[in-house]
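The values are calculated or read from the model by the stated rules, or taken from the named source; none is laboratory data. Note that the structure is a prediction, hence the values are computed from the model and not measured. Cβ placement follows ideal geometry from the backbone for every residue including glycine, while neighbour counts extend to all protein chains displayed. Protein only, heavy atoms only, side chains kept; ligands, DNA and RNA dropped before computing areas. Shrake-Rupley method; radii C 1.70, N 1.55, O 1.52, S 1.80 Å.
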Amino acid sequence: TLKRRLQDMKLRVRAKTGLLNGKIGLAGYAEKEDKIYTFVFIFNGPTSQEAEAKTLFDNLLRKL
């Protein structure tokens, strides 16, 4: 799933997604040049906003 979501990234991302009863998460490592970033994003809210949360997670990674 991440291959499709993060195709345009300018950094290497190794991550794991998670979904459980309206809670979603994305955690892993992002490597850019000689730096490695560790990240964890968790959303606990209405299921109607899950797509927005995924988009937010992807946009946060793009900002690294």
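Here are some notes:
- Looking at LEU61, LEU26, just one residue is of a type in the set (A, V, I, L, M, F, W, C), within 14 Å of LEU2 (Cα to Cα), in contact with a helix residue (DSSP H, G or I) (Cβ under 7 Å, 6 or more places away or on another chain) and in contact (Cβ under 8 Å) with a residue 24 or more places away in the chain, and that residue is LEU26.
- Any hit, segment 46-53, residues being touching a helix residue (DSSP H, G or I) at 6+ places or on another chain (Cβ under 8 Å), touching a residue at least 12 places away in the same chain (Cβ under 8 Å) and open to solvent by less than 100 Å² (accessible area, probe 1.4 Å): no
- Boolean, THR55 is of a type outside the set (Lys, Arg), at pLDDT 85 or above and in a helix (DSSP H, G or I): yes
- LYS16 being among the basic types (Lys, Arg) and at pLDDT 90 or above: yes
- Meets criteria (at pLDDT 85 or above and surrounded by 15 or more Cβ atoms within 10 Å (Cβ to Cβ)) for LEU11: no
- As for segment 18-26, it holds no residue that is within 14 Å of LEU61 (Cα to Cα), open to solvent by 100 Å² or more (accessible area, probe 1.4 Å), out of contact with any strand residue (DSSP E or B) (no Cβ under 7 Å at 6 or more places or on another chain) and not in a helix (DSSP H, G or I).
- Matching residues in segment 27-41 - criterion: being surrounded by 10 or more Cβ atoms within 10 Å (Cβ to Cβ) and in contact with a Phe, Trp or Tyr (Cβ under 9 Å, 6 or more places away or on another chain): ALA27, GLY28, TYR29, ALA30, GLU31, ILE36, TYR37, PHE39, PHE41
- Hits in segment 1-17 (condition: under 14 Å from ARG62 (Cβ atoms) and of a type outside the set (Asp, Glu)): LEU2, ARG5, LEU6, GLN7, MET9, LYS10, LEU11, ARG12, VAL13, ALA15
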